[in-house]
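Below: one structure, written as structure tokens.
The values are calculated or read from the model by the stated rules, or taken from the named source; none is laboratory data. Predicted model only: the values in this text are computed from it and were never measured. Ideal geometry is used to build each Cβ from the backbone, glycine not excepted, and the neighbour counts take in all protein chains shown.
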């Protein structure tokens with residue numbers, strides 16, 4: 001791989017990972033806000049409306065950063081991956097264009113009504129704005145997942161006489177089984193993230209003994225939704241996704257598991273370090289037979305190792321793929337455990353008295369972000385060396401006229417700009433958390449008094 | 001079918017220029033027509049509910065070009081790589097300026113964001129104008145349909161060309177003047193009192209500059225690209241759009257003078273939109289003009305996506321496009337009337 005392709009990959013990886021930190025929260029949070037607004041419609045649901053009002057402010061900041069960091073994602077298909085766009089544009093252009101038309105317009109039209117419209121709209125009207133944001137952001141998620149699913153497992157296409165892909169069957173492309181599975185897995189993961197964030201803040205306020213009533217409302221929704229979603233992320237959605245990988249990308253599964261040799265009764269490696277040069281897993285700790293079961297359903301099923309495939313078709317960064325997959329799966333398991341324990345304590349009415357558990361909940365919120373990032377790294381590194389699986393190699397997909405130095409320049413530009421945005425983002429979110437729920441005017445009396453400057 | 005998608009792409013881009021154009025213009029003017037925090041919040045309140053949706057037209061237009069003409073999209077934006085990222089960074093900076101400003105009341109915070117809102121609001125119209133200039137002048141497409149352009153060379157508009165030369169900069173300045181005037185007309189319509197009066201005067205002056213620049217740019221275009229005027233002469237539809245633009249300009253002028261604010265903005269929309277449509281009608285069917293060997297040019301016919309893909313896309317497009325229009329109608333109706341500064345915490 002030459003430098004330019006490497007830098008194009010690094011830039012895309014950096015900008016997409018950074019971008020996705022925000023939609024990852026806002027998609028899950030839009031669901032929770034929708035639920036809060038629905039509960040707020042009932043008689044006496046005012047505390048749910050108050051909670052929604054606070055989370056809409058957090059949502060607004062996250063959504064704004066998600067919107068602006070999403071702009072380069074759309075462009076980079078063409079700027080950095082020109083040969084991919086030319087090869088697959090007939091097909092993936094469909095979903096990318098549909099995302100703009102069906103999802104982005106919907107979201108943008110209702111965003112300001114959700115964030116600033118509570119007084120202008122009726123109760124039902126504001127609930128409707130929350131529903132529109134929920135629908136728009138989840139629709140957007142589907143179109144982009146379907147685009148990615150085509151790259152993972154192409155369906156509905158034909159290779160034309162002109163050497164590029166043509167759309168042969170729109171429904172097969174749009175309802176790619178891979179897209180459906182990946183969407184279910186991914187969207188449940190966004191709900192996990194949002195639940196952990198809502199729960200963490202509730203735990204924080206309880207530990208601080210501030211905004212205690214709001215904190216209880218946060219835990220009331222965050223704990224059960226967090227438990228259900230973190231279980232669903234593993235089973236059935238994650239399990240189903242793993243079986244698809246086993247069937248359609250066996251070489252990726254072998255690399256994810258650090259499995260260099262084929263055989264029956266494949267064990268699941270829980271710990272170990274892939275040693276690609278020696279073609280073995282160093283210091284492995286495995287659960288016997290479990291990989292065979294997870295991949296195909298029976299312990300004696302054969303699971304192919306990397307030795308079954310030509311090295312040219314191996315994912316090109318086996319170590320990173322292996323670690324990413326294990327971090328995702330490991331953190332996913334830990335998150336289920338945390339939620340189980342917290343729900344158990346809450347059910348027995350002992351959560352608020354168990355301060356160490358509150359501390360754990362408060363500190364756990366970064367882990368869903370890490371797990372989601374690692375999960376996407378697993379998907380994208382596992383797809384290598386292909387950009388469209390089995391059809392177009394990544395080395396043949398970049399823009400031919402963009403030099404390595406230019407790509408490095410723009411990558412560094414993004415690093416700088418996004419560092420700045422991170423600082424501002426954290427400052428604003430910390431301010432909102434400091435103000436807490438019930439603080440209606442974010443920056444009361446604007447320029448009139450010097451006391452407003454505090455964070 | 002490729003002709004239909006050419007038209008769709010042009011309509012989407014025109015909608016983008018008309019809509020995001022007014023909030024670019026508002027951003028370019030706000031430092032001058034709004035002098036204190038309350039006045040600036042009026043400006044942000046006037047564009048706040050719309051700017052994000054307006055920008056979606058750019059992404060949607062890009063999507064339409066992608067689905068209709070993948071070859072054009074891939075060659076076009078990889079060839080302008082450097083300039084595209086300048087545009088992206090400006091769009092990011094502008095977006096966070098609008099969205100972050102209202103969260104903190106500190107005057108230094110707010111004035112800082114006012115400045116970072118202003119800079120890209122001036123630069124982006126220049127960039128988009130220069131991009132149009134590049135499309136009219138032509139780019140060095142090779143036989144495989146790729147090109148790469150330096151940001152500038154010797155500014156001569158002759159080979160070897162750069163993205164910026166005297167001609168593309170002239171188009172950029174013209175675009176900036178036109179869109180800033182357009183933003184002035186919008187602010188005149190949506191605000192009242194002293195902000196409206198300043199916006200109205202600024203719009204009148206800028207439209208005056210536009211009247212001077214328009215013939216100059218047209219003459220320059222015919223020198224750089226002689227085909228442009230000959231196709232203008234032979235295409236009545238281009239004349240109709242150009243006449244619509246001129247009529248819009250007259251209407252904007254007259255209405256700004258007589259205080260009919262809404263028709264001034266509508267006239268301004270007709271001017272900006274008519275200009276965009278007339279230009280597209282003149283260059284049709286060329287999408288990316290090759291400088292040097294005209295056989296390398298990408299046209300609607302030789303670079304369209306496959307027919308099955310185009311007709312599939314037309315089906316969902318004819319369902320989704322009216323939806324997008326509907327959202328905007330609802331949004332403009334919900335936010336009709338003159339804008340006052342929102343109370344702190346309840347608006348921009």
* Consider residue A:98 carefully, then state whether it is part of a helix (DSSP H, G or I), touching a residue at least 40 places away in the same chain (Cβ under 8 Å), touching a strand residue (DSSP E or B) at 6+ places or on another chain (Cβ under 6 Å) and surrounded by 20 or more Cβ atoms within 10 Å (Cβ to Cβ). => no
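Determine which member of the set B:275, B:266 is surrounded by fewer than 21 Cβ atoms within 10 Å (Cβ to Cβ) and under 24 Å from the mean Cα position of the chain (by Cα). Give the steps one after another, and end with the answer.
Values: B:275 fails: surrounded by fewer than 21 Cβ atoms within 10 Å (Cβ to Cβ).
After ruling out the rest, the residue left standing is B:266.
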* Asked: Among the residues of the range A:51-68, is there at least one that is farther than 19 Å from residue A:28 by Cα, surrounded by fewer than 22 Cβ atoms within 10 Å (Cβ to Cβ) and in contact (Cβ under 8 Å) with a residue 12 or more places away in the chain?
  -> no
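Taking the options B:288, B:314, B:310, name whichever one is in contact with a strand residue (DSSP E or B) (Cβ under 8 Å, 6 or more places away or on another chain) and in contact (Cβ under 8 Å) with a residue 60 or more places away in the chain.
Details: B:314 fails: in contact with a strand residue (DSSP E or B) (Cβ under 8 Å, 6 or more places away or on another chain); B:310 fails: in contact with a strand residue (DSSP E or B) (Cβ under 8 Å, 6 or more places away or on another chain).
Answer to the check: B:288.
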* Within the range A:237-251, can one find any residue that is within 29 Å of the chain's Cα centre (by Cα), crowded, with 22+ Cβ neighbours inside 10 Å, touching a residue at least 12 places away in the same chain (Cβ under 8 Å) and assigned to a loop (DSSP other than H, G, I, E, B)? -> yes
* Structure fact -> Within the range A:112-126, restricting to residues that are part of a loop (DSSP other than H, G, I, E, B) and over 30 Å from the mean Cα position of the chain (by Cα), the one that is modelled with the highest pLDDT is A:122
* Which of the residues that make up the range A:323-344 are closer than 20 Å to residue A:242 by Cβ and in contact with a helix residue (DSSP H, G or I) (Cβ under 6 Å, 6 or more places away or on another chain)? -> A:324, A:325, A:327, A:328, A:331, A:332, A:335, A:336
* Asked: Got at least one residue in the range B:239-257 being surrounded by fewer than 17 Cβ atoms within 10 Å (Cβ to Cβ), at pLDDT below 95 and outside any helix (DSSP H, G or I)?
  -> no
* **Selected residue (only one of B:117, B:155 is on the phi > 0 side of the Ramachandran plot and either under 18 Å from the mean Cα position of the chain (by Cα) or more than 14 Å from chain A (Cβ to nearest Cβ) (or both))** => B:155
* Asked: If you go through the range A:151-174 one residue at a time, how many are under 26 Å from the mean Cα position of the chain (by Cα), within 14 Å of chain B (Cβ to nearest Cβ) and without any contact (Cβ under 8 Å) to a residue 40 or more places away in the chain?
  -> 2
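Any chance you could count how many residues in the range A:421-438 are more than 9 Å from every other protein chain (Cβ to nearest Cβ) and without any contact (Cβ under 8 Å) to a residue 12 or more places away in the chain?
Residues of the range A:421-438 that are more than 9 Å from every other protein chain (Cβ to nearest Cβ), as a first pass: A:422-423, A:426, A:429-430, A:433-438.
Subset that is without any contact (Cβ under 8 Å) to a residue 12 or more places away in the chain: A:422-423, A:426, A:435.
So the answer is 4.
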* Taking the range B:20-47 as the region of interest, how many residues are surrounded by fewer than 24 Cβ atoms within 10 Å (Cβ to Cβ), touching a residue at least 24 places away in the same chain (Cβ under 8 Å) and over 14 Å from residue B:202 (Cβ atoms)? -> 4
* Tell me, yes or no, whether the range A:257-271 has at least one residue that is modelled with pLDDT of 95 or more, surrounded by fewer than 24 Cβ atoms within 10 Å (Cβ to Cβ) and within 28 Å of residue A:20 (Cα to Cα). => no
* To do: Determine if the range B:169-191 includes at least one residue that is in contact with a helix residue (DSSP H, G or I) (Cβ under 6 Å, 6 or more places away or on another chain), touching a residue at least 40 places away in the same chain (Cβ under 8 Å) and either surrounded by fewer than 18 Cβ atoms within 10 Å (Cβ to Cβ) or within 14 Å of chain A (Cβ to nearest Cβ) (or both).
  => no
* Structure fact -> Checked against (1) over 30 Å from residue B:183 (Cα atoms); (2) away from chain A (no Cβ under 14 Å); (3) at pLDDT 95 or above, residue B:289 satisfies every condition except (3)
* How many residues are assigned to a helix (DSSP H, G or I), free of Cβ contacts under 8 Å to residues at least 40 places away in the same chain and within 30 Å of residue B:156 (Cα to Cα) when one looks only at the range B:224-238? -> 5
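Quick one: would you say residue A:177 is at negative phi and in contact with a strand residue (DSSP E or B) (Cβ under 7 Å, 6 or more places away or on another chain)?
In short, no.
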* Asked: Looking only at the range B:313-348, which residues are at the interface with chain A (Cβ under 9 Å from one of its Cβ atoms), within 26 Å of residue A:100 (Cα to Cα) and part of a loop (DSSP other than H, G, I, E, B)?
  -> B:335, B:347, B:348
* Structure fact -> Scanning the range B:131-144 residue by residue, those within 11 Å of another protein chain (Cβ to nearest Cβ) and either over 18 Å from residue A:79 (Cα atoms) or surrounded by fewer than 21 Cβ atoms within 10 Å (Cβ to Cβ) (or both) turn out to be B:140, B:142, B:144
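Would you be able to tell me the number of residues in the range A:100-136 that are within 30 Å of residue A:159 (Cα to Cα) and at the interface with chain B (Cβ under 7 Å from one of its Cβ atoms)? Explain how you work it out, then say what you get.
Of the range A:100-136, the ones within 30 Å of residue A:159 (Cα to Cα) are A:100-103.
Retained after the next criterion (residues that are at the interface with chain B (Cβ under 7 Å from one of its Cβ atoms)): A:100-102.
Of the residues in the range A:100-136, 3 are within 30 Å of residue A:159 (Cα to Cα) and at the interface with chain B (Cβ under 7 Å from one of its Cβ atoms).
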* Asked: Which one is farthest from the other protein chains (Cβ to nearest Cβ), of the residues in the range A:71-83 that are in a helix (DSSP H, G or I) and buried (at least 24 other Cβ atoms within 10 Å of the Cβ)?
  -> A:77
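For the range B:162-177, what are the residues that are closer than 13 Å to residue B:29 by Cβ and under 11 Å from the mean Cα position of the chain (by Cα)?
B:176
When you go through A:303, A:395, A:402, A:338 one by one, which is the residue that is buried (at least 19 other Cβ atoms within 10 Å of the Cβ) and in contact (Cβ under 8 Å) with a residue 60 or more places away in the chain? Don't jump to the end; show me each part of the working.
Details: A:303 fails: in contact (Cβ under 8 Å) with a residue 60 or more places away in the chain; A:395 fails: buried (at least 19 other Cβ atoms within 10 Å of the Cβ); A:338 fails: in contact (Cβ under 8 Å) with a residue 60 or more places away in the chain.
The match here is A:402.
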